[in-house]
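The values are calculated or read from the model by the stated rules, or taken from the named source; none is laboratory data. All of these numbers come straight from a predicted model, not from anything done at the bench. Cβ placement follows ideal geometry from the backbone for every residue including glycine, while neighbour counts extend to all protein chains displayed. Calculation scope for accessible area: heavy atoms of the full protein, side chains included, ligands and nucleic acids excluded. Shrake-Rupley method; radii C 1.70, N 1.55, O 1.52, S 1.80 Å.
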Amino acid sequence: IVATSTIEFDLLDNIQIVLWSFVSLALYIIFVVLARSRYLDRRERQKVQLQLFKERERAEVTLQSIADGVITIGIDNKIMFVNPVALRMCAAEPAQILNKPVDRVIHLMDLSANEVIDNPIEFFMDKTADVQARHGKDIALHVDGNLLSVDGNASALVDERGELMGHVLVLRDVSLERQLTHELVYQASHDALTGLVNRLEFENRLRDVLDIGRQENSEHALCYLDMDQFKLVNDTCGHIAGDELLKQVAGLIVAQMREDDLVARLGGDEFGVLIHACDQYRAEEIAERIRQSLNDYHFSWQGKIFDVSASIGLVMINRMSGDLSDLLSSADLACYAAKDAGRNMIHVYHAEDEEISQKFSQMKWLPRIKEALRESEFELAIQHITATKDDATPVSICEFLLRWPQADGTFISPASFIPSAERYDLMRDLDRWIISRALQFIPQIEQRVSPAGSQMYTINLSGQSVSDEGLADFIWQQIVDNHVDPRVLCFEVTETVAIANFSVASDFINKLRDRGCRFALDDFGSGLSSFGYLKRLPLDFLKIDGLFVRDMLKDPVDLAMVRTIQDVARVLNLKTIAEWVEDKEVYLALQDIGVDYAQGYYLSKPKLVIQYLSENALDNPATQYSL
């Protein structure tokens with residue numbers, strides 16, 4: 001080009017030279033660009049290939065390391081890839097799986113429906129199915145005759161254009177989780193000691209049977225069993241022996257039942273039996289078979305032999321049955337009717353049964369008594385007991401009595417609710433409330449008594465409380481906390497309680513008498529066997545049963561009984577208290593016989609303690625207050 005600037009050419013030649021120069025320059029530029037582009041492409045490809053290699057290596061290491069089994073399936077439904085976990089789960093080598101149709105290699109079963117899953121990809125990809133329901137199914141992988149519990153998921157593989165390339169199936173071994181879940185479910189629904197279903201599961205099944213009975217107008221039966229002498233085994237040989245007895249009893253009951261029937265341990269020594277599809281005749285036959293099998297069995301423990309028996313309540317289930325609560329209450333009442341009738345018996349529930357109605361009435365008191373205790377609705381009354389002799393010591397006695405005032409100003413008689421409290425083990429709570437409240441009142445009452453300490457206060461104790469090992473310590477703590485002189489306290493124990501629990505009652509009485517408290521035997525004379533035990537009980541007072549006192553001037557036998565009891569008490573150096581003194585003639589007759597104290601409406605009616613304390617003095621014990 002430079003040369004052309006110095007040499008003259010014609011115009012045409014100059015144009016050709018210029019054109020060729022531009023073409024040469026363009027070719028050079030293109031060559032340089034292409035060369036550089038090729039160089040850069042090679043570097044970029046190398047970089048991309050290196051990145052892809054790293055990603056592939058990372059993916060392969062990840063797939064080899066994860067705990068889940070990963071299987072890649074091509075568009076032809078054949079397996080393209082499996083990781084080591086999937087190989088172990090299938091118990092196979094790669095050659096046995098790769099390039100094989102997935103449905104011929106992966107054999108899944110839905111154990112909850114007892115069905116084979118033909119296509120695992122479709123099963124786990126089904127978006128229309130309820131995911132929660134599907135995941136709640138018990139899926140198992142069938143391997144060499146064994147079942148491995150698994151959970152799974154499937155995803156589609158698509159290319160950059162969105163076209164399907166295959167699927168990825170992920171399986172996870174959940175055998176341990178399922179085992180633990182099944183164990184937890186079993187433990188939640190079964191009794192750990194006997195292996196029978198527990199109360200919660202029994203009530204669930206019973207509720208189902210109730211629904212079936214109403215819908216299909218079918219008939220079934222419920223048995224409620226209570227062991228008659230289980231406490232004797234527990235107290236004599238300990239809880240280990242008691243547990244063993246319960247296990248053996250459970251086996252005896254199950255042995256008498258059909259496969260479709262259900263036996264449950266409802267708690268303690270109580271069992272429930274649900275008999276499917278049977279009429280009353282058949283139900284009574286099965287109940288009798290259970291009763292007889294237990295009665296024929298003798299429990300042996302460390303050389304001691306115990307008779308075994310149970311009281312059984314039977315109630316039929318049909319479309320006329322009430323709800324679950326009514327059904328269980330009826331069975332419970334029938335069971336206790338059988339127990340009250342002499343134990344080792346069967347009682348069939350009938351709505352019109354008078355005995356059952358009485359028990360049901362007691363049951364209705366239960367929530368009311370509990371609420372009254374919780375809300376402190378009860379009150380204490382006090383009744384004066386009069387000395388029949390001028391030189392009596394103590395000068396006077398006051399008995400604390402329980403009263404339950406109502407909003408309308410009336411009082412519920414203790415005779416109405418005390419049997420229910422005894423039946424349902426509430427007397428311990430009632431007695432403790434009475435003791436605590438009475439010992440809070442005594443220091444206030446003592447401020448009005450002259451001379452101090454000349455008055456004694458009596459408190460009744462139930463059989464449940466006497467058997468309470470912690471009651472003596474509770475009483476002493478209340479004495480200390482309220483600064484009460486124990487010598488002014490006297491606790492009344494009924495004759496029936498003292499004799500039925502003789503050794504326990506003796507220990508309890510001695511424990512408190514050693515600390516200064518005194519004791520009276522209440523309702524004496526109601527049991528003829530009491531004379532044999534009387535001299536062995538550490539007592540201070542004997543209360544003559546009012547049944548003999550009230551009509552003793554009309555009935556010579558009653559009069560003879562009062563005289564006899566007074567004579568025995570004098571020999572034993574016990575002071576006597578006659579109950580139910582309702583007229584002057586009886587009172588004067590008791591004075592002649594030598595009875596020390598008299599108690600009754602003729603002499604004093606009960607008065608609420610808060611009324612007592614609102615007065616200035618206790619100088620008129622005969623004031624009439626009707627509670």
Which of the peptides 440-452, 237-249 is most tightly packed, and how do the rest follow, judged by the mean count of other Cβ atoms within 10 Å per residue?
237-249, 440-452
On a C-alpha basis, how far is the centre of the range 269-329 from the centre of the range 145-208 in Å? Whole number, if you could?
36
Under a no-solvent Debye model with one identical scatterer per Cα of the range 362-498, what's log10 I(q)/I(0) at q = 0.17 Å⁻¹?
-1.01
GluC sites (Glu not before Pro), restricted to the range 450-513: which are DSSP loop and have at most 13 other Cβ atoms within 10 Å?
469
With the charge dipole of the range 291-336 built from beta-carbon charges (+1 for Lys and Arg, -1 for Asp and Glu) about the Cα centre, the Cα from 313, 295, 328 projecting farthest to the positive end belongs to 295
In square nanometres, what is the average projected area of the Cα convex hull of the range 268-347?
6.3
Can you find, among 221, 190, 209, the residue sitting farthest towards the positive end of the charge dipole of the range 188-231, where Lys and Arg contribute +1 and Asp and Glu -1 at Cβ?
190
Tally Lys and Arg at +1 and Asp and Glu at -1 over the other residues with C-beta under 9 Å from the C-beta of residue 346: what net charge comes out?
-1
Can you divide the C-alpha Rg of the range 428-489 by 2.2 N^0.38 Å and report the result to two decimal places?
1.14
The range 216-305, accessible area per residue, ligands and nucleic acids excluded (1.4 Å, Å²):
48
Can you flag which of 389/543; 543/605; 370/511 are past 22 Å Cα-Cα?
370/511
Counting only heavy atoms of protein chains, what accessible area per residue, in Å², does the range 550-607 have with a probe of 1.4 Å?
50
Given Cβ point charges of +1 (Lys, Arg) and -1 (Asp, Glu) and nothing else, what value in debye, to the nearest 20, does the dipole of the range 419-470 about its Cα centre take?
240
Positive end of the charge dipole of the range 533-602 (Lys, Arg +1 and Asp, Glu -1 on Cβ, about the Cα centre): tell me which of 581, 569, 601 has its Cα farthest that way.
569
Looking at the range 74-127, which trypsin sites (Lys or Arg not before Pro) are DSSP coil and have at most 12 other C-beta atoms within 10 Å of their C-beta?
127
Mean Cβ-within-10 Å packing, highest first, puts peptides 107-115, 326-334 in the order 326-334, 107-115
For the range 344-501, what is the accessible area per residue in Å² when the probe is 1.4 Å?
46
Where nothing but the Cβ of Lys and Arg (+1) and of Asp and Glu (-1) is charged, how large is the charge dipole of the range 419-542 around its Cα centre, in debye to the nearest 20?
280
log10 I(q)/I(0) for the range 141-227, Debye formula on C-alpha points only (no solvent), q = 0.11, 0.13, 0.16, 0.20 Å⁻¹, two decimals, reads -0.65, -0.75, -0.87, -1.01
Cβ neighbours within 10 Å, averaged per peptide: list 152-165, 560-573 in order, most packed at the top.
560-573, 152-165
In whole percent, how big is the carbon plus sulfur part of the accessible area of the range 93-247, probe 1.4 Å, protein atoms only?
50
Given Cβ point charges of +1 (Lys, Arg) and -1 (Asp, Glu) and nothing else, what value in debye, to the nearest 20, does the dipole of the range 190-274 about its Cα centre take?
80
Charge sum, other residues only, whose C-beta stays under 14 Å from residue 102's C-beta, Lys/Arg counted +1 and Asp/Glu -1
-1
Within-12-Å neighbourhood charge of residue 192 [Cβ basis; K, R +1; D, E -1]:
-1
